Amino acid sequence: METVLEKLDKKITQMSQNYLNLQEQNKILQNEIMTIKAQNENQKIKIEQLEEELMKKEIEAEEIVKKVEEILGQ
């Protein structure tokens with residue numbers, strides 16, 4: 001039969017192991033968050049570049065429409 005101290009020792013050992021496991025899981029999650037934040041920043045930059053490119057293409061399209069209208073207006 002286990003004594004109270006032996007039971008308490010087992011519980012403390014379990015709690016300690018759980019704590020260490022949770023710390024490790026926390027580190028893993030923090031690394032995942034950092035990775036996702038970096039990916040998010042890269043995607044944000046790419047979106048900004050694509051938006052800028054889209055604006056340039058829209059300006060080019062407007063200029064082409066103006067030229068076509070000028071030609072047709074002659």
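Can ILE71 be described as assigned to a helix (DSSP H, G or I), at pLDDT 95 or above and aliphatic (A, V, I, L, M)? Answer is no for this residue.
Rundown of residues vs (1) exposed (fewer than 10 other Cβ atoms within 10 Å of the Cβ); (2) of a type in the set (A, V, I, L, M, F, W, C); (3) modelled with pLDDT under 95, yes/no style:
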{"position": "GLU2", "(1), (2), (3)": "yes, no, yes"}
{"position": "LYS11", "(1), (2), (3)": "no, no, no"}
{"position": "ASN21", "(1), (2), (3)": "no, no, no"}
{"position": "ASN26", "(1), (2), (3)": "no, no, no"}
{"position": "ASN31", "(1), (2), (3)": "no, no, no"}
{"position": "MET34", "(1), (2), (3)": "no, yes, no"}
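The values are calculated or read from the model by the stated rules, or taken from the named source; none is laboratory data. Every value quoted in this text rests on a predicted model; they were computed, and no experiment measured them. Glycine also receives a Cβ, built like all others from the backbone with ideal geometry; neighbour counts cover every protein chain displayed.
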